[in-house]
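The values are calculated or read from the model by the stated rules, or taken from the named source; none is laboratory data. Here the structure is a predicted model, which is why all the values come from computation and not from measurement. FYI the Cβ positions are ideal-geometry reconstructions off the backbone, even for glycines, and counts take in every protein chain you see. For accessibility, only protein heavy atoms count, side chains too; no ligands or nucleic acids. Shrake-Rupley method; radii C 1.70, N 1.55, O 1.52, S 1.80 Å.
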Amino acid sequence: MLNKVIIMGRLTADPELRQTTSGISTCRFTVAVNRPYQKDKERQADFIRCTAWRTNAEFISRYFSKGKMIIVEGSLRNDDYTDQNGVKHYGMDVIVDRASFGESKGSSESGSYSEPTFQQPAYQQQNRPAPAQAQPAQESLQVGSLSDFEEILSDGEVPF
């Protein structure tokens, strides 16, 4: 089974950093994710609640604030509960496994939106070998007759 979520959007408010009674950091925040644009309709967004723990929580509360673009990877978790009046409430949270910046530092301060760019770190780009000169074409592979191949399942049983 697989439970994997990747979202990119803007924080609707500053993240709230708290500590559990045992001293573990936790951070809750909501990410607004735009839906694809549909012609002649008003742009819509989904508001997705997220919860981060430990170092992820501290990282998010330190470097993100309302309006900042964030990319979150995590998993969905049910957040269902029954209140004091017996009313059942349903919800889903993204439990954050990884968070990263969705834009360059200056782009949100200028007020203009730009799609995030994902680049390899500079040290990887510098160590990349120079492109090789054109190599002569390799000789085409030639396959012999079917008698060159061994029949594996001669006894009729599958090995797995």
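Things to note:
- Residues of region 32-67 that are acidic (D, E) and either loosely packed, with under 13 Cβ neighbours inside 10 Å or closer than 15 Å to R10 by Cα (or both): D40, E42, D46.
- Qualifying positions in region 15-64 - of a type in the set (S, T, Y), in contact with a helix residue (DSSP H, G or I) (Cβ under 9 Å, 6 or more places away or on another chain) and closer than 17 Å to V5 by Cα: T51
- Qualifying residues in region 68-95 (those that are of a type in the set (S, T, Y), open to solvent by 50 Å² or more (accessible area, probe 1.4 Å) and part of a strand (DSSP E or B)) - the one nearest to F29 (Cα to Cα): Y81
- Which numbered condition A57 fails, given (1) under 24 Å from E103 (Cβ atoms); (2) part of a strand (DSSP E or B): (2)
- Region 11-26 residues that are farther than 18 Å from I95 by Cβ, paired with ones that are basic (K, R) (beta carbon under 6 Å, 6 or more apart): A13/K66; D14/K66
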